[in-house]
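The values are calculated or read from the model by the stated rules, or taken from the named source; none is laboratory data. All figures in this text were calculated on a predicted structure; none of them were measured in a lab. For neighbour counting, all protein chains shown are included, and Cβ atoms are generated from backbone atoms with ideal geometry for every residue, glycine included.
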Amino acid sequence: MGAMNISVPIGLYAITDSQLTAPETLVASVEAAIRGGTVMVQYREKSAPMAERLAQARNLQSVCAAARVPLLINDDARLAKRVGATGVHLGQSDGSAAEARRLLGDNAIIGITCHADLALAKTALEAGADYLAFGRFFTSTTKPDAPAAATDILAEARRFNLPVTAIGGITTENGEQLIRAGADLLAVVGGLFGGSPEATEQKARTFQRLFASHHPLFQYPDNRSSFK
């Protein structure tokens, strides 16, 4: 189990992508998402030089800390440690949760990708994950080769008593069915980013309204409902 003093919020989980959030618009895009009600942010950048990734992550950590929104770093626990991020998201080939926990401490949030596999979720639980991520649920432009997942897995994953995240092709039009099926977080990339900051903020507000209407533990407008 993850450390018991960790709180994983319920709501919109914004994930950056350099194709949609270019360096010159990254901070403004994330600020807009937060204004719209985003409860957690993931910085995902795999190809930029380390100096650029470090600078971007530091900028986002400053923004997120000021808004009291957790920032997680995709794949890179060392970068998370360097910038003081809240935690890390690990794929199935991104190193061990135990190593990330040792590096980041008991207060870190560690999420693990489980694709469409409850066995992977059980392993993630035993490794100390704080939330479980399933998907893709719809056609995804950022991860087109990810295996497809059925919405049933969201309800089935409740047995692990951890927050459940849905990812993959999620938009304001299809997000409701995932929340109703059991998602505590919707991890959104292209369905949130790629337009103007104003458009991003409006999409985030729409997602927030979906959670307010369809998630029993979501508190609106104070959307810091959380698992403990």
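When you scan segment 181-210, how many residues do you find that are of a type outside the set (Val, Ile, Thr), touching a Leu at 6+ places or on another chain (Cβ under 7 Å) and in a helix (DSSP H, G or I)? Explain how you work it out, then say what you get.
Residues of segment 181-210 that are of a type outside the set (Val, Ile, Thr), as a first pass: 181-187, 190-199, 201-205, 207-210.
Now narrow it down to the ones that are touching a Leu at 6+ places or on another chain (Cβ under 7 Å): 181-183, 186, 190, 193-194, 203-204, 207-208.
Subsequent filtering for residues that are in a helix (DSSP H, G or I) retains 181, 203-204, 207-208.
Residues meeting the conditions: 5.
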Which one of the conditions (1) touching a Pro at 6+ places or on another chain (Cβ under 6 Å); (2) crowded, with 19+ Cβ neighbours inside 10 Å does ALA133 fail to meet, given that it meets all the rest?
(1)
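Just checking, does segment 121-140 include any residue being in contact with a Cys (Cβ under 7 Å, 6 or more places away or on another chain), in a strand (DSSP E or B) and aromatic (Phe, Trp, Tyr)? Break it down into steps so the answer makes sense when it comes.
Of the residues in segment 121-140, the ones in contact with a Cys (Cβ under 7 Å, 6 or more places away or on another chain) are 121, 124, 132-134.
If we keep only those that are in a strand (DSSP E or B) as well, we get 132-134.
Subset that is aromatic (Phe, Trp, Tyr): 134.
Yes - at least one qualifying residue is present in segment 121-140.
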Any idea which residue in segment 211-228 is modelled with the lowest pLDDT, counting only those that are among the hydrophobic types (A, V, I, L, M, F, W, C) and not in a loop (DSSP other than H, G, I, E, B)?
PHE227
If we keep just the residues of segment 47-72 that are of a type in the set (Gly, Ala, Ser) and in contact with a helix residue (DSSP H, G or I) (Cβ under 6 Å, 6 or more places away or on another chain), which is farthest from GLY87 (Cα to Cα)?
ALA67
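Could you pull out the residue among ALA67, ALA119, ALA57 that is within 18 Å of the chain's Cα centre (by Cα), among the aliphatic types (A, V, I, L, M) and surrounded by fewer than 20 Cβ atoms within 10 Å (Cβ to Cβ)?
Working: ALA119 fails: within 18 Å of the chain's Cα centre (by Cα); ALA57 fails: surrounded by fewer than 20 Cβ atoms within 10 Å (Cβ to Cβ).
Answer to the selection: ALA67.
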Considering ARG136, ARG209, ARG180, which residue is within 22 Å of ALA116 (Cβ to Cβ), basic (Lys, Arg) and over 17 Å from the mean Cα position of the chain (by Cα)?
ARG180
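Report whether or not LEU178 is assigned to a helix (DSSP H, G or I) and either modelled with pLDDT of 95 or more or surrounded by 24 or more Cβ atoms within 10 Å (Cβ to Cβ) (or both).
Values: assigned to a helix (DSSP H, G or I): yes; either modelled with pLDDT of 95 or more or surrounded by 24 or more Cβ atoms within 10 Å (Cβ to Cβ) (or both): yes.
Against the criterion (assigned to a helix (DSSP H, G or I) and either modelled with pLDDT of 95 or more or surrounded by 24 or more Cβ atoms within 10 Å (Cβ to Cβ) (or both)), LEU178 qualifies.
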Residue count, segment 91-110 (criterion: exposed (fewer than 15 other Cβ atoms within 10 Å of the Cβ) and more than 23 Å from ILE170 (Cα to Cα)):
9
Taking the residues in segment 181-203 that are aliphatic (A, V, I, L, M) and surrounded by fewer than 24 Cβ atoms within 10 Å (Cβ to Cβ) as candidates, determine which candidate is nearest to MET40 (Cα to Cα).
ALA199
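Would you point out the residue of segment 30-48, among those that are among the polar types (S, T, N, Q) and in contact with a Leu (Cβ under 8 Å, 6 or more places away or on another chain), that is nearest to PRO9 (Cα to Cα)?
Taking segment 30-48 as the starting set, the residues that turn out to be among the polar types (S, T, N, Q) are 38, 42, 47.
Now drop any that are not in contact with a Leu (Cβ under 8 Å, 6 or more places away or on another chain), which leaves 38, 42.
Numbers: THR38: 10, GLN42: 13 Å.
Restricting to residues being among the polar types (S, T, N, Q) and in contact with a Leu (Cβ under 8 Å, 6 or more places away or on another chain), the top hit is THR38.
A quick yes/no check of all residues on (1) more than 16 Å from the chain's Cα centre (by Cα); (2) surrounded by 18 or more Cβ atoms within 10 Å (Cβ to Cβ); (3) outside any helix (DSSP H, G or I):
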site: ILE112; (1), (2), (3): no, yes, yes
site: HIS115; (1), (2), (3): no, yes, yes
site: PRO144; (1), (2), (3): yes, no, yes
site: ALA150; (1), (2), (3): yes, no, yes
site: ILE153; (1), (2), (3): yes, yes, no
site: ALA157; (1), (2), (3): yes, yes, no
site: LEU162; (1), (2), (3): no, yes, yes
site: ILE170; (1), (2), (3): no, yes, yes
site: GLU173; (1), (2), (3): yes, no, yes
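Applying the selection to segment 14-29, what residues are more than 13 Å from the chain's Cα centre (by Cα) and of a type outside the set (S, T, N, Q)?
Going residue by residue through segment 14-29, those that are more than 13 Å from the chain's Cα centre (by Cα) are 18-29.
Matches in segment 14-29: LEU20, ALA22, PRO23, GLU24, LEU26, VAL27, ALA28.
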